[in-house]
1. How many angstrom separate the Cα center of the stretch 95-115 from the Cα center of the stretch 24-49?
2. Would you mind checking the tilt of helix 93-105 against the longest principal axis of the Cα atoms of the chain, expressed as 0 to 90 degrees and rounded to 10?
3. Restricting things to alpha carbons, tell me how big the chain is in terms of Rg and Dmax, in Å.
4. Ignoring any ligand, DNA or RNA, what whole percent of the accessible area of the stretch 88-129 comes from carbon and sulfur when the probe is 1.4 angstrom?
5. In whole Hz and in residue order, list the ³J(HN,Hα) couplings for the stretch 137-145 that follow from phi through the Karplus curve 6.51 cos²θ - 1.76 cosθ + 1.60, θ = phi - 60°; x for Gly and Pro.
6. Per residue, what accessible area does the chain have, given a 1.4 Å probe and all protein chains present, in Å²?
7. When the Debye formula is applied to the Cα atoms of the stretch 78-119, each taken as the same point scatterer, what base-10 log of I(q)/I(0) results at q = 0.16, 0.28, 0.34 Å⁻¹?
8. What share of all Cα pairs of the stretch 110-153, in percent, falls into each consecutive 5 Å distance bin?
Amino acid sequence: MCTFIQETLKPEIFWTALASIGTLLAVMVALFMPLIIQHSRNNRIERLILAELEGNLNIIKNMASRESRSLPNDIKISAIQNNDALVTHINLRLWHQYRYELAADRPDSYEKYNSLYRLAEAIIDAPKEPTMRLMIQTDEAGSFVTHYEELIK
């Protein structure tokens with residue numbers, strides 16, 4: 001063992017071995033760093049989409065009822081007025097920006113979120129006729145809340 005250490009510590013062998021180990025580490029970094037970066041980026045995208053969905057959930061929960069509402073200053077508004085006011089606050093910006101990347105890298109996650117976002121888009125794109133719009137929005141809002149609780153929580 002002592003001979004091995006003495007031979008290894010000779011400058012010509014030591015520096016060659018150190019250069020070989022350094023080259024091996026550089027190759028390992030070059031091979032695995034893109035995978036690590038992509039994985040962490042996909043995790044961030046998924047967290048952003050979940051945060052957007054959670055914000056939409058809080059809005060859509062208030063759209064699931066066909067009953068009139070009372071505002072804090074005791075003014076009554078109809079369910080149609082309530083839903084028309086809330087629908088403008090449903091945000092799909094992050095989904096539209098990152099959905100194709102998520103579909104390419106994590107198809108299972110894409111399918112899970114896509115089903116929820118389809119329901120949110122149905123709420124936004126409800127017909128113009130008031131009674132039909134109210135019926136579709138409340139039904140889709142209830143489906144969204146139920147589906148969200150099944151998939152996410």
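The values are calculated or read from the model by the stated rules, or taken from the named source; none is laboratory data. Everything numeric here is computed off the predicted structure, so don't read it as measured data. For neighbour counting, all protein chains shown are included, and Cβ atoms are generated from backbone atoms with ideal geometry for every residue, glycine included. All accessible areas refer to the heavy atoms of the entire protein, side chains included, with ligands and DNA or RNA removed. Shrake-Rupley method; radii C 1.70, N 1.55, O 1.52, S 1.80 Å.
1. 18
2. Tilt relative to the chain: about 50 degrees.
3. My reading of the Cα-based Rg and Dmax gives 27.7, 92 Å.
4. 50
5. Per residue, the Karplus-derived 3J(HN,Hα) values read 5, 5, 5, 5, 5, x, 5, 4, 4 Hz.
6. Dividing the accessible area of the chain by its residue count gives 66 Å².
7. Each listed q maps to, in turn, -0.51, -0.93, -1.12.
8. 5, 25, 30, 20, 11, 7, 3
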